[in-house]
Amino acid sequence: MHLSQEEEKHFYRLLRSLAQFVGSRHYLTVGQKDLRTDESIDVEQMAKVTEYLWDHADEEMDACLRENPDHLDPEDREIISKWRKARPENYILERILKKGAMLIGPDNNVFCVSGLQSE
């Protein structure tokens with residue numbers, strides 16, 4: 001299972017909104033194009049922003065949801081709020097099911113992960 005094209009676009013729209021907020025708030029995107037709208041985003045710049053974001057996920061997501069600079073609707077804000085549970089770690093691939101890959105995290109939590117573009 002993977003996301004539909006529409007779901008994938010929605011995911012990236014929300015991620016870019018959050019990344020733009022974090023990048024501009026911490027001067028990580030000074031002189032860079034808008035991460036929300038520019039299709040030719042510098043990969044290294046985006047990596048720097050997302051690395052900072054995941055290192056400070058709770059506080060950055062709280063601030064973005066509180067300030068809501070892109071006037072996200074409640075459904076989109078709820079989606080971003082759920083991303084707080086995401087943690088970049090090393091995972092063990094336990095098995096692959098039709099609905100997604102089952103991963104076991106370092107704290108023995110189990111996650112079902114779907115692909116964005118492919119199964």
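The values are calculated or read from the model by the stated rules, or taken from the named source; none is laboratory data. It should be emphasised that the depicted structure is a prediction, and the values quoted were computed from it without experimental measurement. In this analysis, Cβ positions are derived from the backbone assuming ideal geometry, glycine residues included, and neighbour counts consider all displayed protein chains.
Would you confirm whether or not the stretch 25-46 contains a residue that is at pLDDT 90 or above and within 23 Å of Leu116 (Cα to Cα)?
No: the stretch 25-46 contains no residue that is at pLDDT 90 or above and within 23 Å of Leu116 (Cα to Cα).
Within the stretch 94-118, restricting attention to residues that are touching a residue at least 12 places away in the same chain (Cβ under 8 Å) and part of a loop (DSSP other than H, G, I, E, B), which residue is farthest from the chain's Cα centre (by Cα)? Steps first, answer last, please.
Step one: list which residues in the stretch 94-118 are touching a residue at least 12 places away in the same chain (Cβ under 8 Å), which gives 94, 97-101, 103-106, 110-118.
If we keep only those that are part of a loop (DSSP other than H, G, I, E, B) too, we end up with 98-99, 105-106, 114, 116-118.
Values: Lys98: 23, Lys99: 20, Gly105: 18, Pro106: 20, Ser114: 14, Leu116: 12, Gln117: 15, Ser118: 17 Å.
Across the stretch 94-118, the extreme among qualifying residues is Lys98.
Here are some conditions: (1) surrounded by 15 or more Cβ atoms within 10 Å (Cβ to Cβ); (2) at pLDDT 90 or above; (3) part of a helix (DSSP H, G or I). Glu78 meets all but one. Which one does it not meet?
(1)
Just to be sure I understand the filter: pairs with C-beta atoms under 6 Å, separated by 6 or more residues or on different chains, first member in the stretch 51-76 and assigned by TED's automatic domain parsing to the domain that holds Gly23 and within 19 Å of Thr29 (Cβ to Cβ), second member surrounded by 13 or more Cβ atoms within 10 Å (Cβ to Cβ) and aromatic (Phe, Trp, Tyr). Which pairs pass?
Taking only residues 6 or more apart or on different chains, the pairs are Cys64/Phe21; Pro69/Phe21.
Look through the stretch 48-61, keep the residues that are surrounded by fewer than 16 Cβ atoms within 10 Å (Cβ to Cβ) and either over 12 Å from Val22 (Cβ atoms) or among the aromatic types (Phe, Trp, Tyr) (or both), and return whichever of them is farthest from the chain's Cα centre (by Cα).
Among them, the one singled out is Asp58.
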